[in-house]
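**Student:** Quick one: the structure is below, and I'll ask about it shortly.
The values are calculated or read from the model by the stated rules, or taken from the named source; none is laboratory data. Keep in mind that this is a model prediction, so the values were computed, not measured. Here the Cβ positions follow ideal geometry from the backbone for every residue, glycine too, while neighbour counts run over all protein chains shown. Quick note on the areas: whole protein, heavy atoms, side chains included, nothing else; ligands and nucleic acids left out. Shrake-Rupley method; radii C 1.70, N 1.55, O 1.52, S 1.80 Å.
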Amino acid sequence: MSDAIIIFQKEVKNFFKDRRTLFSTFLLPLFIIPILFIGMGSVLQFLEADAQSTTYAIAIEGNNDQRFLDCIDEQLSYRLTSRDEADIIITFPPGYVQGIHAQVVITYDSSSQKNQYAHQQVIIAIQIYQELLAENLLELHGLSLASLLTLTTSSVDVASEVAQSGGTFLAMLVPYFLLIFLFSGSINAGLDTTCGEKERGSLAILLVNQVSRTSIAWGKILYVSVVAICSAGATFLGFVLSLLVPSGAAFMFPAELSGASLSGISLLIMVAVLSTVALFTGSVVALLGSLAKSVKEGGTYVMPLYMIVVLIGVTTMYMDPTSNGVFYFIPIVNTIFVMKEVLMGMITPWHVVVTICANIAIAGVCAYGVAQLFNSEKILQTV
Amino acid sequence: MIEINNLQKSFLQRSGRKQVIKSISCTAYDGEVYGLLGPNGAGKTTTLRTIATLLRPDSGFVHVDGHDVVTEGRIVRDSIGFLTGEMRLAGHLSCREMLKFFGRLNHMKPSEIEERTRTLTHDFAMEAFIDRPIAKLSSGMTQKVALAVSIVHAPHNIIFDEPTSSLDVLAVKVVSDFIRAAKNSGKCVVLSTHVLGEAQRLCDRIGIIHDGQLLCEGKVDELLSMHNVPDLETLFFSLVPTDRGSL
């Protein structure tokens, strides 16, 4: 194992001296997440503010009731205009009288975000106007709307404190982002240290030394795993950064997220499962990279796996943590569910243990495979 | 000492199994430079890769200092320094760091690595770029570092495949001097080269390979007088059939 550590140290040292790789692996995920969220939040905030401050041209046909105009006025800024110039046309049926059943037609252009906003506001205005008319009708019979509405509702949320304070939202996004960046981080490093070295002719120099091929395999897998976990860590930091920066990013997240926090044990579990899944992705990428003759060929082997990871990330995004134990034996899937459990404050110890053991076991099998490949003549022919 | 006995090697290709080495037997002794000569595709590199434990013989055996390359691979790798023209160092570590890395892999003590680095830096005239990153070196400089790395553990047997292929005239002399010094210190050196003048100057004995077979083997001067030719180039072309029509 000491030889594996020597190889690992050399690879890490080499990695930290390569500024370009350092940028794409650490700095990019560290800043891309805040830039993404802050950018999207700012744009959405701007669009909403713009929609709210716009004065819409509205044509109203078949109803000139001042109360209706007041209802619209409460919802959005508008000016009355003719049908031809209008952004939105509100048409009451011919001969409409307040209080009778009528089909109100709202004509608008849904391709405009601002018109969509105005359309929603007009619907609310019509709803309020309808309630106003109903109130008037009831008054004629000595009744009030409030006296007819006999039921009120109140909800008691029994979700954990962590889940209530934005944990559910985090459980949806964080596992996905972490795994994507973890996997992409291991792809770059994993292919470079296996088929990249083959291509450059530097792997053979290592293989003709007395160091065992198993040590070479573990040294490289450890290196790829550490790069992957650092890449995932940078992503997580980027996510936290986007939460902390008082800007448009806040617009993207639920308000309760500001109170989100992770306990020490939760953080420890997150690091543990992420480390083992990094070991898994590192070993798989190293295995596929060792099979390939060039980085290009390695890319074609790894890409389908990357797509599977993305697919798993997307399909599990809206899923709750599962109690089906089988899922915790499947790498990637198990890590997503354990992270969801942690972020939602519903940690199940045996899920964590199974996940860690399964990830390490499969990484071990892959490491054995890499060592076998380094001993395989078919592979050695290509170095 | 490197002993090759009835070595046979074939590779599986799409068109079927290709016999790259039909039968090669030769021995390189301690304190001599053995030159393996032959045209491209003759089987030189395959032979050297088999000695270096990167390939396994189909039949026959290869022993390095009495150790079998198949069953005692790690011991063999400990006693050889192997470098081919295709092997390149790469990355952002400096030459010194690279030497330290391979020294550690060979379980050398830090003081030994330091001493060896000093010696190799002097022997290969690497003083000017020893602390420069490999990525920023010229191909000749990289080749020198690769040579130094391959022998950082002071192996008893040195196997070089086209060691001067990308070196300039001055660097070729440095490597040639090193090979002579290694021989004089009792090491066994096996050299593959297509530069026949270089082989004649450096090698004590040579083996000429063509189409996976050893055509002749012996001391250079004895072979020249036996075939009544003035130099190695004439001997080479008298033994190896040339196919001008294929050019």
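**Student:** Tell me, please, whether a residue that is within 14 Å of another protein chain (Cβ to nearest Cβ), crowded, with 16+ Cβ neighbours inside 10 Å, in a helix (DSSP H, G or I) and at pLDDT below 95 can be found in segment A:284-295.
**Tutor:** Looking for residues that are within 14 Å of another protein chain (Cβ to nearest Cβ), crowded, with 16+ Cβ neighbours inside 10 Å, in a helix (DSSP H, G or I) and at pLDDT below 95, one finds at least one in segment A:284-295, hence yes.
**Student:** Take B:Met108 and decide whether it is touching a residue at least 40 places away in the same chain (Cβ under 8 Å), in contact with a helix residue (DSSP H, G or I) (Cβ under 8 Å, 6 or more places away or on another chain) and over 25 Å from A:Thr21 (Cα atoms).
**Tutor:** Yes.
**Student:** Looking at (1) loosely packed, with under 13 Cβ neighbours inside 10 Å; (2) more than 18 Å from A:Cys71 (Cα to Cα), can you tell me which one A:Glu131 breaks?
**Tutor:** Only one criterion in (1) loosely packed, with under 13 Cβ neighbours inside 10 Å; (2) more than 18 Å from A:Cys71 (Cα to Cα) is unmet by A:Glu131, namely (2).
**Student:** Specify the residue that is surrounded by the fewest Cβ atoms within 10 Å (Cβ to Cβ); the eligible residues are those in segment B:42-79 that are hydrophobic (A, V, I, L, M, F, W, C) and touching a Lys or Arg at 6+ places or on another chain (Cβ under 7 Å).
**Tutor:** For segment B:42-79, the residue satisfying everything is B:Val70.
**Student:** I would also like to ask the following. State all residues of segment B:59-79 that are of a type in the set (Gly, Ala, Ser) and more than 10 Å from every other protein chain (Cβ to nearest Cβ); if no residue qualifies, say none.
**Tutor:** B:Ser59, B:Gly60, B:Gly66
**Student:** Continuing with this model, one more query. Step by step: first the residues of segment A:196-211, then only those that are in contact (Cβ under 8 Å) with a residue 24 or more places away in the chain and touching a Phe, Trp or Tyr at 6+ places or on another chain (Cβ under 9 Å), then the one that is nearest to the other protein chains (Cβ to nearest Cβ). Which residue is that?
**Tutor:** A:Ala204
**Student:** Which one of the conditions (1) over 22 Å from A:Ala361 (Cα atoms); (2) outside any loop (DSSP other than H, G, I, E, B) does A:Phe337 fail to meet, given that it meets all the rest?
**Tutor:** (1)
**Student:** Right, next: Of the conditions (1) in a helix (DSSP H, G or I); (2) at pLDDT below 90, B:Leu167 clears all except one; give me its number.
**Tutor:** So B:Leu167 meets the others, but not (1).
**Student:** Sort out for me the helices (runs of 4 or more DSSP H) sitting completely within segment A:107-194 that have 1 or more residues that are more than 24 Å from A:Val97 (Cα to Cα) and at pLDDT 85 or above.
**Tutor:** A:113-140, A:168-191
**Student:** I would also like to ask the following. Are there any pairs, at least 6 apart or on different chains, whose C-beta atoms fall under 6 Å, with the first in segment B:43-58 and more than 9 Å from chain A (Cβ to nearest Cβ) and the second assigned to a loop (DSSP other than H, G, I, E, B), and if so, which?
**Tutor:** The qualifying pairs are B:Gly43/B:Gly212; B:Lys44/B:Gly38; B:Thr50/B:Pro57.
**Student:** Is there a residue in segment B:80-97 that is within 14 Å of chain A (Cβ to nearest Cβ), open to solvent by 10 Å² or more (accessible area, probe 1.4 Å), touching a strand residue (DSSP E or B) at 6+ places or on another chain (Cβ under 9 Å) and under 30 Å from B:Ala199 (Cα atoms)?
**Tutor:** Scanning segment B:80-97, I find at least one residue that is within 14 Å of chain A (Cβ to nearest Cβ), open to solvent by 10 Å² or more (accessible area, probe 1.4 Å), touching a strand residue (DSSP E or B) at 6+ places or on another chain (Cβ under 9 Å) and under 30 Å from B:Ala199 (Cα atoms), so the answer is yes.
**Student:** Is there a residue being more than 30 Å from B:Glu86 (Cα to Cα), in contact with a Pro (Cβ under 6 Å, 6 or more places away or on another chain) and among the aromatic types (Phe, Trp, Tyr) anywhere in segment A:332-345?
**Tutor:** Yes - at least one qualifying residue is present in segment A:332-345.
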